[in-house]
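To start, the structure under review is shown below, and the notes come after it.
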Amino acid sequence: MRRLLIRPGAIGDCLLTFPAMEALKADYTEVWVPGVMKPLLQFADRVESIASTGLDWLAIPGVEGLQRPVLDRLAGFDSIVSWYGTHQPEFREAVSHLPFQFFPALPPPPGQPRIDVPEQPRTRILVHPFSGSPVKDWPLDQWDALAARLGAEFAIGRDRRPLFEDLYQLACWLASAKLYVGNDSGITHLAAAVGTPVVALFGPTDPGIWAPRGAQVVIIKKERLEEITVDDVTAAVERCLAGSTGG
């Protein structure tokens, strides 16, 4: 059985689907994902970035010459499970003769994504003050105050520049933390996926859908992130370090 899994989306969206994708592993499993996710797909036999496959051409009428190579490639799979194209009628029509099974973009029921990284001592506290949207970001001055109180390191440059070349390198570093604090972001999901205890700050988004999975995750939820205080987060950190996930 040759199976292809296609999963677009942001870092956290993709990570939440990892347990489902790994459960779908076949004799040969190929995965097409956003390029940034490639280093994390350890269970697949082959991983491609969606942008490199030509898949996007299939939703565009009148470009048959560009569509043919990717259609021929897709025809080489016995099973194709896709979170891509679910709500694109043109795409679904173009692949209607192929063995596609479509899933909605929302994450599946709770399951614990796991990224295997080398074991190392957990000695530091890390904080990550950014996300993919400003509305999900706790104010930066609050992060500064929290980092000073906890003696924490920032897991990203203050100019938002990544500290590592790819997500797997970042995952290995996150695994050196005894605690991580972050916004509703893909990197917060990544910290949970390497087994680091996490305190996650949620504002307008629903943690019932988008929270990181795991027994060592503490959620702080307020409709306005500005209402969360450094004391609130410090108390959650203390609970998390003590091994309690009580809300």
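The values are calculated or read from the model by the stated rules, or taken from the named source; none is laboratory data. All of these numbers come straight from a predicted model, not from anything done at the bench. Neighbour counts run over all protein chains shown; Cβ positions are idealised from the backbone, glycine included.
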Of the residues TYR84, TYR168, TYR180, only one is farther than 26 Å from GLU223 by Cα and outside the structural domain of VAL33 (by TED's automatic domain parsing); which?
TYR168
Of everything in the range 185-239 that's among the polar types (S, T, N, Q) and assigned to a loop (DSSP other than H, G, I, E, B), which residue is surrounded by the fewest Cβ atoms within 10 Å (Cβ to Cβ)?
THR229
Can you tell me which residue within the range 1-46, out of those that are among the acidic types (Asp, Glu) and modelled with pLDDT of 95 or more, is surrounded by the fewest Cβ atoms within 10 Å (Cβ to Cβ)?
ASP27
Within the range 179-215, restricting attention to residues that are of a type outside the set (A, V, I, L, M) and in contact with a Leu (Cβ under 6 Å, 6 or more places away or on another chain), which residue is nearest to ALA10 (Cα to Cα)?
HIS189
